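Step one of this worksheet: look at the structure below.
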């Protein structure tokens, strides 16, 4: 397939520790349709990427909050250069660029955040030709809920949850074939899933409406619950845990805090830095008691907080009830790293994982460091990773099983191969890649964009997401803005081959409903035309005398007028009467001779007396011209004194 048959997209994940570039490619939908079979038509566009299409730079963009002018040359330049080298030159101008910032930028003060985002947009437009029509949409700080929704899209795209319903049907429920998504970073954690039908109905107002589009142009709608647990990220949890140890110590002058979540013999600063020798300041000393570690970590879930909208999982936050017969989850980021870096738990199993963790964490620190030097735990595991592993494992076990409620006994695990994801039915799997493709929320953003590029079927609503209402006021389009559907126009006369364009609605239940927020600017010409017609009609109905008085107000009372008579334009002076003069009327055609007569010349005129009209001797015809077919131009009772003949 030629380069012109491909479309590209660029997403920059601007996280707290660095910015990572992702490049994606998919087939141009208009070309895909030419050789697509029936199964292809029922799928969303296929997204591809390559390992060489990614690049990361450090630190995060948030570090430029006080020096925005430097973010381009000192941070973005190598990322843009890599993207420009990887994408064919002729495709650059049609390739959308997204820079979506997460946790780090959410903490930046609003004024500085706006200045930094504006500078990023300016730099991108000045130094690249990427498609960047709306910086507010393409370069922004996304909330945790949006990040979680994008992750849910990516997970279901890679697992096939959007495609083969038969293969991915859960527990015999034909209505449920998608997978849940769990993400845990340093500061927060997210959960996203489609509740079962009972919970979806009960908590409809808490769900997000997501709409994608198959290759055949038909819409695919999902109602997804997404929430973020702020402070539930592993680094924040560790900080709160150390605070609790300090609070529990009680005595003044204490220098050592026993920490059951550190292997015996480890000494660390309060912020997690390993110490080579005993310091004089307050520090942590590992005791290697993993069961006690797990017990002390449990309060970090904040399960005791009041739940104002039941049910809740963590931190008193509402989450619809989970049904693990149909809700099967994949976990990324810390869920993957904690279960795999040292403990190699794939697929995840509670008994196996907890046993390996307990064995590792009960070892003396000297034995662990000896294993590290022999690469017993892999090439990437160093002393810092090993020292943090026990707390992370204890926290993850609590979140999964005591917080979210994942069953400890995975009796419905049916996979015969460890890394087989085809139709998996376990309540939880930790993943990093599926079919060699990284499960990243950035992929979800590009799936949404590519889906929006598919020509919509007749009556199809727009791709995007928003509140689960009939007309979401917060609808975010999947592409670069409101979609325009192009349909064949009339094929008669000079209009043959013309096209009609209409904005596609975002209404969830009616494809023909109006997209109010997106189309207001397009309705302005129609509204203006309506008022113009209304004013003209009112002017014709009020009478000529009144019209002329109104005109006189706006023209300064000038008495010189021009009228169109049989001889062309003739200037006349209006004669004001004290009274006694007969008014001349122009009206619609009537067969009554007292109203007027139709002459052979096609002129309709008043036949009454003109002798009472004061004036001067100028020959002006008072008659109104008719149309080409001899039909009078209907004017409703316009009045005006006539000039003399």
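The values are calculated or read from the model by the stated rules, or taken from the named source; none is laboratory data. Bear in mind that the values here come from a model prediction, so they are computed numbers and not experimental data. Glycine gets a Cβ as well: all are built from the backbone with ideal geometry, and neighbour counts include every protein chain shown.
The table below lists the values:
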{"quantity": "Residue 67 being loosely packed, with under 13 Cβ neighbours inside 10 Å and touching a residue at least 24 places away in the same chain (Cβ under 8 Å)", "calculated": "no"}
{"quantity": "Test for residue 467: is it surrounded by fewer than 22 Cβ atoms within 10 Å (Cβ to Cβ), at pLDDT 95 or above, in contact with a helix residue (DSSP H, G or I) (Cβ under 9 Å, 6 or more places away or on another chain) and closer than 25 Å to residue 193 by Cα", "calculated": "yes"}
{"quantity": "Single unsatisfied condition, residue 70 versus (1) outside any helix (DSSP H, G or I); (2) in contact with a helix residue (DSSP H, G or I) (Cβ under 9 Å, 6 or more places away or on another chain)", "calculated": "(1)"}
{"quantity": "Number of the condition not met by residue 264 [criteria: (1) over 30 Å from residue 382 (Cα atoms); (2) over 40 Å from the mean Cα position of the chain (by Cα)]", "calculated": "(1)"}
{"quantity": "Which numbered condition residue 123 fails, given (1) surrounded by 19 or more Cβ atoms within 10 Å (Cβ to Cβ); (2) touching a helix residue (DSSP H, G or I) at 6+ places or on another chain (Cβ under 6 Å); (3) touching a residue at least 60 places away in the same chain (Cβ under 8 Å)", "calculated": "(3)"}
{"quantity": "Residues of the stretch 452-464 satisfying the condition of being modelled with pLDDT of 90 or more and either out of contact with any helix residue (DSSP H, G or I) (no Cβ under 9 Å at 6 or more places or on another chain) or at positive phi (or both)", "calculated": "452, 456, 457, 461, 464"}
{"quantity": "Any pair with Cβ under 6 angstrom, 6 or more apart, that starts in the stretch 244-255 at a residue that is without any contact (Cβ under 8 Å) to a residue 60 or more places away in the chain and at negative phi and ends at one that is surrounded by 10 or more Cβ atoms within 10 Å (Cβ to Cβ) and in a loop (DSSP other than H, G, I, E, B)", "calculated": "255/282"}
{"quantity": "Sole exception among (1) buried (at least 22 other Cβ atoms within 10 Å of the Cβ); (2) under 23 Å from the mean Cα position of the chain (by Cα) for residue 204, by number", "calculated": "(1)"}
{"quantity": "Subset of the stretch 150-175 that is in a loop (DSSP other than H, G, I, E, B) and in contact with a helix residue (DSSP H, G or I) (Cβ under 8 Å, 6 or more places away or on another chain) - its residue that is modelled with the lowest pLDDT", "calculated": "168"}
{"quantity": "Residues within the stretch 183-201 that are more than 19 Å from the chain's Cα centre (by Cα) and in a strand (DSSP E or B), tallied", "calculated": "3"}
